[in-house]
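See structure below.
The values are calculated or read from the model by the stated rules, or taken from the named source; none is laboratory data. Not measured: the values here are computed from a predicted model. Cβ placement follows ideal geometry from the backbone for every residue including glycine, while neighbour counts extend to all protein chains displayed. To get the accessible areas, we keep the full protein, side chains included, count just its heavy atoms, and leave off ligands, DNA and RNA. Shrake-Rupley method; radii C 1.70, N 1.55, O 1.52, S 1.80 Å.
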Amino acid sequence: MEKELIERAVIHHQILAAFEKEPDSAGILQGVRKLRKGRPHTPTFLFPSPKNGNHFIGCEGSLEPMMALALELNPAIVRYRGQPIELAGPKGRKITPDFIVDFGDGFGVIDIKPEGRLSSPKVIARMRHIRTLLQQARIP
């Protein structure tokens, strides 16, 4: 029980720190993992975000910018951050979710995967692990 309370506190601390982090000199709200520039076949985008003080949110691939737009248009979401926190993976490797959202009265975590990758045993194990950690921290 004590370990679960510590993990919950760590996750909440990381989320609060992600929202307190200031943008860099270019106005980009960088997460814990920088954009993967130069990665073959993975475009990167800077999404301008009025909900985040007109700063930019870094997005990778084609799905993240679409999600950023959906988050921007969703009236239930106060603000959000990209590549915001690191969670311990099932085998010790770090997992960086794509987004965290602030609903004003709580937080949520979003990790986006293309439909074809959702059947991968490795992805399934990682997603189950993340869900368990977040459920213990009472974060959807």
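Summary of computed values
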item: Count of the stretch 97-111 residues which are farther than 14 Å from L134 by Cβ and either acidic (D, E) or under 13 Å from the mean Cα position of the chain (by Cα) (or both); result: 2
item: Considering residues of the stretch 125-140 that are over 23 Å from C59 (Cβ atoms) and touching a strand residue (DSSP E or B) at 6+ places or on another chain (Cβ under 8 Å) only, the residue surrounded by the most Cβ atoms within 10 Å (Cβ to Cβ); result: L133
item: Criterion (touching a helix residue (DSSP H, G or I) at 6+ places or on another chain (Cβ under 6 Å) and of a type outside the set (A, V, I, L, M, F, W, C)) met by exactly one of P48, P84, P75; result: P84
item: Among residues of the stretch 64-117, those that are part of a strand (DSSP E or B) and open to solvent by 50 Å² or more (accessible area, probe 1.4 Å), counted; result: 3
item: Residues satisfying the stated conditions in the stretch 41-61, i.e. more than 17 Å from P23 (Cα to Cα) and either open to solvent by 80 Å² or more (accessible area, probe 1.4 Å) or modelled with pLDDT of 95 or more (or both); result: H41
item: Pairs where the first residue, in the stretch 54-76, is on the phi > 0 side of the Ramachandran plot and free of Cβ contacts under 8 Å to residues at least 60 places away in the same chain and the second is surrounded by fewer than 20 Cβ atoms within 10 Å (Cβ to Cβ) and assigned to a loop (DSSP other than H, G, I, E, B), C-beta under 6 Å, 6+ apart; result: G61/T42
item: Selection within the stretch 17-39 - in contact with a Pro (Cβ under 6 Å, 6 or more places away or on another chain) and either more than 11 Å from I85 (Cβ to Cβ) or at pLDDT below 90 (or both); result: L29, G31
item: So K122, is it assigned to a loop (DSSP other than H, G, I, E, B) and surrounded by fewer than 17 Cβ atoms within 10 Å (Cβ to Cβ); result: no
item: Those residues of the stretch 16-31 which are under 17 Å from V109 (Cα atoms), open to solvent by 20 Å² or more (accessible area, probe 1.4 Å) and touching a Gly at 6+ places or on another chain (Cβ under 8 Å), in sequence order; result: Q30
